[in-house]
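Working notes, beginning with the structure itself.
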Amino acid sequence: MKRVYTCFCTDVIHEGHLNIIKEARKYGDVIVGVLSDEAMVRYNRFPVVSFEERVQMVTEIEGVSDVVIQKDIMYDQIIKKLKPDYVIHGDNWKTGPMKAIRDNVISALKEYGGEIIDVPYTYNENVRRIDARIQEKLAMPEYRRKRLRQLIGMCPIVKTIEVHSGLTGLIAEKTVVEHNGELDQFDAMWISSLCDSTAKGKPDIELVDMTSRFRTIDDVMEVTTKPIIFDGDTGGLTEHFVYTVRSLERMGVSAIIIEDKTGLKKNSLFGTEVVQTQDSIEHFCEKITAGKKIQLTDDFMIIARIESLILEQGMEDALKRAFAYVEAGADGIMIHSRKKDPAEILEFCDLFREKNQNTPIVVVPSSFNSITEAELAQHGVNIVIYANQLTRSAFPAMEQTAKDILKYHRAQEVDSRLMPIKDIISLIEEL
Ligand code: SPV
Ligand code: MG
């Protein structure tokens, strides 16, 4: 009997999957791989049911001979192990980022003469509705809120990109790239105070009020499912901070990061060029503890951001504060630097990890941008935030277009750089 392999990356079995099994049975015994949680995340299918339940679901399908775990979105390892005569899949993987997976299957099968079978992908109203419902579920506060903690447990490093509108939210949600045979995408979103303020033409000094910041979160949430980390600046007065925590938690935000500064906050990337005052350890700890006391779920995270390196207070001060903030209840530590060289950040991470192996570490490599995600992960970093790059890429592009239209007194010269009209009008899907 020949052996046919297929892999499911789904929380729900629908007629499309059953059709694949039906087709597969024509060729031999059917072995189904269930994609692990870690691999599902890489595939933009965050699991809403547990791995065990997904295995159970597949085991119960009539005609399935065996169920195995597939730990990677690429099939080469599992194909090497199982040596199936055929691999069967919907033909939707012939184009787009999924083509990289199909290419990987083809080269693995080539080793021993296995064959690929592409069956027409089932795409009807019923299947579309099931897919849409899963996406909508992921957008709900109770699913979205806990997703950051889940990701920290699943990913070597949680890749986070700045968003400040529905449109940038869509970029964070949907951008998938294939590079060197790997698929990748962002895991989470950062609502930066700098970029949220800049988008409104305002300075980053806690001038844009919470109501407006929440409006930005709402715009992003309307069109995305990925978890949100909110830049809470100093957190304001402790008496106000507790209300902020409650509101964010209710909305389904996963974490707030507050920095240990007091008085008029300026952006950290100014460093010591402007007057900035660091809060006392005692006072900042009180704020953290008050926030932790008020939250209602175990999912929401309060992450304490240490400004000691920015304000040139030294490594010892940074570490002392980190341990104190964890003691006060912080669920994570963000360490910031504006040096080009990542050395002080790595030193902090190594020294912190000597004493604390579990508390998540967050970094924002805007200045020390040569460091890779893998290197950061090796030093114990759990979350990397690309805090302002979308804003910084959009602004010069828009400014150049404005200049060129003024220069040529028409828009023809800029047109080749622009998104085609037909693409922009179909960029946003209608319900
Ligand atoms: C932000 O993005 O607003 C931040 C990070 O707080 S930084 O600008 O580097 O201070
Ligand atoms: Mg900020």
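The values are calculated or read from the model by the stated rules, or taken from the named source; none is laboratory data. Everything numeric here is computed off the predicted structure, so don't read it as measured data. In this analysis, Cβ positions are derived from the backbone assuming ideal geometry, glycine residues included, and neighbour counts consider all displayed protein chains. Only protein heavy atoms, including side chains, enter the accessible area calculation; ligands, DNA and RNA are left aside. Shrake-Rupley method; radii C 1.70, N 1.55, O 1.52, S 1.80 Å.
Listed values, structure above:
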item	result
Selected from HIS379, HIS336, HIS179 as most flexible by GNM, with the chain as the system and alpha-carbon contacts under 10 Å	HIS179
Candidates ILE205, ILE256, ILE405, ranked by Gaussian network fluctuation over the chain, Cα under 10 Å, top entry	ILE405
Rounded accessible area per residue of the chain, 1.4 Å, Å²	49
Kirkwood-based shape ratio for the range 80-123, expressed as Rg/Rh from alpha carbons	0.98
Carbon and sulfur %, accessible surface of the chain computed with the full protein complex present, 1.4 Å	53
Listed residue pairs exceeding 22 Å between alpha carbons, taken from LYS71/LYS159; LYS81/LYS226; LYS287/LYS355; LYS2/LYS71; LYS266/LYS339; LYS292/LYS320	LYS81/LYS226; LYS287/LYS355; LYS2/LYS71
Local electrostatic count, THR272, Cβ distance below 13 Å [Lys/Arg +1, Asp/Glu -1]	+1
Helix 99-110 vs. the chain, principal-axis angle (Cα, 0 to 90°, nearest 10)	50
For the range 122-230, the Rg and Dmax computed from alpha carbons only, in angstrom	15.7, 52
Within the chain, helix-based [θ] at 222 nm, where runs of 4 or more DSSP H residues each add -39,500 (n - 2.57), nearest 500	-13500 deg cm²/dmol
Cβ-defined net charge surrounding LYS261, 11 Å radius [Lys, Arg +1; Asp, Glu -1]	-3
Highest to lowest packing among 318-325, 159-166, 113-120, 65-72, scored as the average C-beta count within 10 Å	159-166, 318-325, 65-72, 113-120
log₁₀ of I(q)/I(0) at q = 0.07, 0.10 Å⁻¹ - the chain, Debye sum with one point per alpha carbon	-0.41, -0.80
Inter-centroid distance (Cα atoms) of the range 291-341 relative to the range 23-43, Å	42
Value of Rg to Rh for the range 199-251 (Rh from inverse mean 1/r over Cα pairs, i.e. Kirkwood)	0.96
Relative contact order %, the chain, counting alpha carbon pairs below 8 Å whose residues are six or more apart	12
Rg ratio (alpha-carbon, reference 2.2 N^0.38 Å) - the range 1-119	0.97
Residue order for LEU427, LEU264, LEU194, LEU406 - accessible surface, 1.4 angstrom probe, largest first	LEU406, LEU264, LEU427, LEU194
Charge context of GLU53, other residues only, Cβ under 12 angstrom, K/R +1, D/E -1	-3
Rg and Dmax of the range 284-386, Cα atoms only, in Å	13.4, 40
Ratio Rg/Rh, restricted to the range 234-349 and using Cα atoms, in which Rh is the Kirkwood radius	0.97
